[in-house]
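Novice: Sharing a structure below in structure tokens format, with a few things to ask.
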Amino acid sequence: MPSCCSLLLLLLGVSLCAAQVKIYNLRASDLPAGLLGTPDGYVKVFCGPADLGETSVRNDNPNPWWEEEFSYFKAQENNVLRLEVFDSDFLFDDLRGVCQRKIKVGTYSHDCFLEKGGTLHYTYTLSAPPQK
Ligand SMILES: [Ca+2]
């Protein structure tokens, strides 16, 4: 399984100077309804090589918020934080927009305009790596 080995090596490498990132205060505003549906938003969260999971679906709410928080203990400064906003639908979930940014040490709140309408708001905190 070469792919598993590469992933393991990657994770080991990242852990050498790892910090912790937490993503929280996720909310969205003005999510548009699809052609035949309602805005049923949820968010998938990724950081660097890691898939951190996804929020629950907020049914029929153009201004949802999510209480879920996401943590990644092997984060590094300049890892790419990636948030994908979806609208849940009967057949296919519709990708509303993607927010990406390189993370820095500290706490930051951002607004991200979604390609297909609406805005995603989120906050992240990246702790400094332990000093040697
Ligand atoms: Ca929908």
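Novice: Can you compute the label reach from residue 110? Point 7 Å from Cα along the Cβ direction, backbone N cut-off under 17 Å, restricted to region 21-53.
Specialist: 21-29, 43-53
Novice: Further question: Under 18 Å from the Cα of residue 116, which lysines turn up, not counting those fewer than eight places away in the same chain?
Specialist: Within the straight-line cut-off, residue 116 pairs with 44.
Novice: Take 109, 71 and sort them by solvent-accessible surface of the protein heavy atoms, 1.4 Å probe, largest at the top.
Specialist: 109, 71
Novice: While we're here: To the nearest 10 square angstrom, what accessible area does residue 54 show with a 1.4 Å probe?
Specialist: Here the residue's solvent-accessible area equals roughly 100 Å².
Novice: Please identify which residues in region 82-102 have an amide N closer than 18 Å to a label point set 7 Å out from the Cα of residue 60, following the Cα→Cβ vector.
Specialist: Under 18 Å, as judged by backbone N against the label point of residue 60, lie 87-91 of region 82-102.
The values are calculated or read from the model by the stated rules, or taken from the named source; none is laboratory data. Since this is a predicted model, take the numbers as computed values, not measurements. Methodologically, a virtual Cβ is constructed for each residue, glycine included, from the backbone with ideal geometry; neighbour enumeration extends over all protein chains shown. With ligands, DNA and RNA removed, areas are computed over all heavy atoms of the protein, side chains included. Shrake-Rupley method; radii C 1.70, N 1.55, O 1.52, S 1.80 Å.
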